[in-house]
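Working notes, beginning with the structure itself.
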Amino acid sequence: MSKVLSIDTTEQVSLKEPPNTFVKRYTLLSACVYTILSVVMLILSFFTPLNIAFRGQEIAVSLSTIIKVAEIVCCIGMLHAAVMLWMAILREKHIHHGIGVLPGDAALANAFLYFGFSMTAFHLGYTSPMIALAQFIAALSGLIFGTGGLILSGVSKPARPLGHITFSIMLRDGVILIVGTILFAIAIGQLAGDALKPPQWNWISFLGIAVPGMFLLIGREGIRGRVETWQGLGWIPRLLVTDTLLILGLTIMFYGSYFNLTVGLNGYQVGPKGNIAGLLLWIIAVFLLLLVRGVYKIAIAQKGDNIGYRMISKLFYVVAIVLFFYGERSFLSGHAPVFAVGKAAPAVALILLAAFVILTAGRTAAQKVKLLYVKTS
């Protein structure tokens, strides 16, 4: 007889091909947004001063000039992401084969770097708070729509075989998870403020702590894809491995993000101050991710492909990372975890909504795995 080999239904979606009309329309929307963002980012970069002094045979270039050039390079990179989508639209046959990950990855990379350079310029006194806020919003828009480009790539591509994972798929799924989580962290960090404001920035905390945490989360996606064929009792070590990597990656990434975006200091030189309430909340979040969500995923493994089951798994993650963020931030800062809402809430709500859609509907739509059929006698 024939028997269906069950897989993790939280990571599986229907094999039905997405409507070509949707792919075309969202590709057009993304191309337009990337183009507009590249122009807006370029205009805002002009406000960073350009100081070049000629001293005889020597040329002295100020730090503000270097930052300005870096911002302009990021603008060109964003425009390049738009050009790749425009070419796919003009060559309509390419859309039928799906949208690649390069446009979304290029938009995200340049938005992240522009974010860092523009915030550095602001905190060094090169730009005004109004310009920095506009650059902050432009960078957030690039992160949101860049992630949308990666989701579009997953939706437009055929489902991958069970247990087969490529570098591009690993990168796509990992980055969608990372950016959605980072957007949640940024929004929660701004929620208690009187208004949306440019965050702090420290390159060592970002590149030296947060980015390695991101790499760990991306690698976790590759491991998850390799071990998803483990069935029966293999479910337990499979979840322990992937969810432990998830917790470690989140811990490192949030640590770096806190000292980068909130404190603006080198996280290697400033240690956690400790807070019992924050530590307990952090442990609850880990318990929810590792045990409650894990048991739920095992329980629904035999129920087949159902979008409702998948969405609930993603909702578990969203609830857990909110508690995770508040708990870890409290432990690092030494202050008790307090949920506060300020006047910035309406603007922050838009960021939270984008992060929520990315982490629930976006991840569910992008991750597609083919069912395997094993014949047994």
Task: Relative contact order computed over the stretch 200-326 (Cα-Cα under 8 Å; 6+ residues apart), in percent - done: 32
Open item on the list: Strictly over 27 Å apart at the Cα level, which of LYS68/LYS157; LYS157/LYS297; LYS197/LYS273; LYS157/LYS314; LYS197/LYS297 would you flag in this model?
Closed with: LYS68/LYS157; LYS197/LYS297
Task: Approximate spin-label separation PHE339-VAL357, in nm, with each point projected 7 Å along Cα-to-Cβ - done: 2.4
- [ ] For the stretch 194-229 and the stretch 237-259, compute the distance between their C-alpha centroids and round to whole Å.
- [x] 9
Task: HN-Hα J in Hz across the stretch 185-193 - Karplus 6.51, -1.76, 1.60, θ = phi - 60°, x for Gly and Pro - done: 5, 4, 5, 5, x, 9, 4, 7, x
Task: Length released on extending from ASN20 to LEU240, taking residue separation times 0.36 nm less the Cα-Cα span - done: 75.3 nm
Open item on the list: Ranking request for peptides 153-159, 101-107: highest mean number of other beta-carbon atoms within 10 Å first, then the rest in descending order.
Closed with: 101-107, 153-159
TODO: Enumerate the calculated ³J(HN,Hα) couplings along the stretch 194-202 in order (Karplus 6.51 cos²θ - 1.76 cosθ + 1.60, θ = phi - 60°), each rounded to whole Hz, writing x wherever the residue is Gly or Pro.
DONE: 6, 7, 5, 9, x, x, 6, 7, 9
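Would you mind giving the average projected area, over all directions, of the Cα convex hull of the stretch 114-197 in nm² with one decimal?
6.9
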Task: Amide hydrogen neighbours beyond the local backbone of LYS368, cut-off 5 Å, H modeled - done: ARG160
- [ ] Provide the gained length on full extension for the span LEU90 to LEU171, in nm with one decimal, where the gain is 0.36 nm per separating residue minus the Cα-Cα distance.
- [x] 26.5 nm
- [ ] With a 10 Å radius around each residue's Cβ, average the other Cβ atoms per peptide and rank 199-207, 67-75, highest first.
- [x] 67-75, 199-207
- [ ] Go ahead and run the numbers for FRET between ALA277 and SER128, Cβ-Cβ distance against an R0 of 45 Å, rounding to 0.05.
- [x] 0.70
TODO: Pop the C-beta distance of LEU291 and LEU350 into the FRET formula with R0 = 45 Å and round what comes out to the nearest 0.05.
DONE: 0.85
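Bear in mind these aren't lab numbers, they're just calculated from the coordinates by the rules spelled out. In this text, all values refer to a predicted model and were calculated from it rather than measured experimentally. As a convention, Cβ positions derive from the backbone with ideal geometry for all residues, glycine included, and neighbour counts pool all protein chains shown.
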